[in-house]
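Take a look at the structure set out below.
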Amino acid sequence: MLKRLIPLLLTFAILIIGTVEAQIQQQTGPQISIDMSKSVQLPADLIIFTINLNAEGSTPKEAFDLHKERERLLASLLKKLKIDANNIKFQPVQINKRYRNDDKNMYSQTSQQVNVTFSDFGIYESIQLTLIENGFDTFSGSFSSTKLEEGKNDALKLAINSAKEKANFIAQTSGIKLGAIQKINYSEYQINTGYRAMEMKAMVSSDSTLLDDFPQTVSVTAGVHISFLIED
């Protein structure tokens, strides 16, 4: 099970949250521009599990009927595991024509993505095993945190303060006077890095569980580009 679990949780999932440009002032003139990024580590207390439902059939109806059967199986599993409906997100079913070898050998294929978020790491293995036993073969998992928004703000604050310190240092060293901020660009993104460290005791302890012995963190990074005016 270790071999099956680790590749999924070690997958790097990068999510771009957004970029905003703030025009602070309209003055033009000599400037100092600083690029700075800072990261904070958050405890990973959520797993985002992505399941790709798909089915094939010689006709669209055959493929759709098989898809609905797998969909019912998945819904039953999620109810059994008491996953809150608010933590289940899914897309509409799509049906596409596909061809094998030549344009005369046509079949239909469905596709649908389901995202399930949960905090009980103990059910992660059960979901995988049940899906594999019932013909599901495309799914993946990544870590997340309930503290993402706080982490973004903390990382952004660190980046801005560090940019100011660097600009002040450059100004003082160069013998110039730093003026007001003219422009700020900033971006935030999350990187799920999976396991941060591994303790040797995990290899020999029979009482510990896998996820308890491998500390998980989520890295949240904020980057800023700040332009400061130089006063005469």
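The values are calculated or read from the model by the stated rules, or taken from the named source; none is laboratory data. Remember, it's a predicted structure, so these values are computed and weren't measured experimentally. Here Cβ is always computed from backbone atoms with ideal geometry, including for glycine, and neighbour counts include all displayed protein chains.
Hey, any hits in region 168-176 for a residue that's hydroxyl-bearing (S, T, Y) and assigned by TED's automatic domain parsing to the domain that holds K68?
Taking region 168-176 as the starting set, the residues that turn out to be hydroxyl-bearing (S, T, Y) are 173-174.
Then drop every residue that is not assigned by TED's automatic domain parsing to the domain that holds K68, which leaves none.
Taking every residue of region 168-176 in turn, none turns out to be hydroxyl-bearing (S, T, Y) and assigned by TED's automatic domain parsing to the domain that holds K68.
Would you pick out the residues in region 50-107 that are β-branched (V, I, T) and more than 28 Å from G122 (Cα to Cα)?
At the first step, the residues of region 50-107 found to be β-branched (V, I, T) are 50-51, 59, 83, 88, 93, 95.
Within region 50-107, T59, V93, I95 qualify.
Scan region 89-104 for residues that are exposed (fewer than 10 other Cβ atoms within 10 Å of the Cβ) and more than 18 Å from H67 (Cα to Cα) and jot them down.
The answer is R100, N101, D102, D103, K104.
E150 - would you say it is among the acidic types (D, E) and farther than 21 Å from T50 by Cα? It would help to see each step written out before you state the result.
Details: among the acidic types (D, E): yes; farther than 21 Å from T50 by Cα: yes.
Judged against the criteria, E150 is a match.
Across region 45-73, what is the number of residues that are farther than 16 Å from F90 by Cβ and hydrophobic (A, V, I, L, M, F, W, C)?
4
Inside region 115-226, counting only helices (runs of 4 or more DSSP H) that do not spill past its ends, which hold 2 or more residues that are modelled with pLDDT of 90 or more and of a type outside the set (F, W, Y)? Steps first, please.
Working: elements: 124-133, 148-174, 201-204, 210-213.
Filter on region 115-226 gives 148-174.
Starting from residues that are charged (D, E, K, R) and part of a loop (DSSP other than H, G, I, E, B), keep the ones in region 43-84 and report whichever is farthest from Q112 (Cα to Cα).
In the first step, residues of region 43-84 are kept if they are charged (D, E, K, R); the result is 45, 56, 61-62, 65, 68-72, 79-80, 82, 84.
Narrowing the set further to residues that are part of a loop (DSSP other than H, G, I, E, B) leaves 45, 82, 84.
Values: D45: 26, K82: 22, D84: 20 Å.
Selected residue: D45.
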